[in-house]
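The values are calculated or read from the model by the stated rules, or taken from the named source; none is laboratory data. Keep in mind the model is a prediction, meaning the values are calculated, not measured. Please note: Cβ atoms are built from the backbone with ideal geometry, for glycine as well, and neighbour counts cover all protein chains shown. Quick note on the areas: whole protein, heavy atoms, side chains included, nothing else; ligands and nucleic acids left out. Shrake-Rupley method; radii C 1.70, N 1.55, O 1.52, S 1.80 Å.
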Amino acid sequence: MLGSAISDGNLHLHDTLPMILLDSGRIAGLKQGRHIKYPAATPLANMYLTLMEQLGMPLERLGDSTGKLPGLTA
């Protein structure tokens, strides 16, 4: 995973964060070769929640998560 904690350093904005997830498909079961854009108000914790489940650590919530991300996994 590669990303940034801030999208605009001048304004200190933390929305619309670019994130790159790399997986061989055998570790977290991510679908490969795609660009996914989720709605602007989607919490980053939703991605973490989804990844935790794929790695065998299911959680109901994580931070300000509102649910798992659709279409991220196979």
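Note that the chain presents 74 Å² accessible area per residue, ligands and nucleic acids not counted, probe 1.4 Å.
Here's how it looks for Thr73: its modeled amide H is under 5 Å from those of Lys31, which are all 5 or more places away or on a different chain.
Here each label is just a point 7 Å from Cα along the line to Cβ, and for Asp8 and Glu60 those points are 3.7 nm apart.
Our coupling estimate for segment 9-23, obtained by passing each phi through the Karplus curve with A = 6.51, B = -1.76, C = 1.60 and θ = phi - 60°, is x, 5, 9, 6, 7, 10, 10, 6, 7, x, 10, 10, 10, 10, 7 Hz, Gly and Pro reported as x.
If amide H atoms are built 1.01 Å from N in the plane of the peptide, which residues on other chains or at least 5 residues away come under 5 Å of the amide H of Ser7? For Ser7, the qualifying residues are Leu13, His14, Asp15. Here the Karplus relation 6.51 cos²θ - 1.76 cosθ + 1.60, evaluated at θ = phi - 60°, turns the backbone of segment 27-34 into coupling constants of 8, 9, x, 6, 6, 9, x, 9 Hz, with x for every Gly and Pro.
Against the chain, whose longest principal axis comes from its Cα atoms, helix 44-54 is set at around 10 degrees.
Once the other residues with Cβ under 15 Å from the Cβ of Ile36 are scored (Lys, Arg +1; Asp, Glu -1), what is the net sum?
Working: positive: Lys31, Arg34, Lys37, Lys68; negative: Asp23.
Computed value for this residue: +3.
Within the set [x] -0.63, -1.00, -1.05; [y] -0.60, -1.15, -1.23; [z] -0.59, -0.91, -0.95, the number that log10 I(q)/I(0) by the Debye sum over Cα atoms at q = 0.16, 0.23, 0.24 Å⁻¹ takes when calculated for this structure is listed as [y]. What percentage of the solvent-accessible surface of the chain, computed with a 1.4 Å probe over protein heavy atoms, is contributed by carbon and sulfur atoms? With neighbouring chains kept in place, the figure for the chain is 58 percent.
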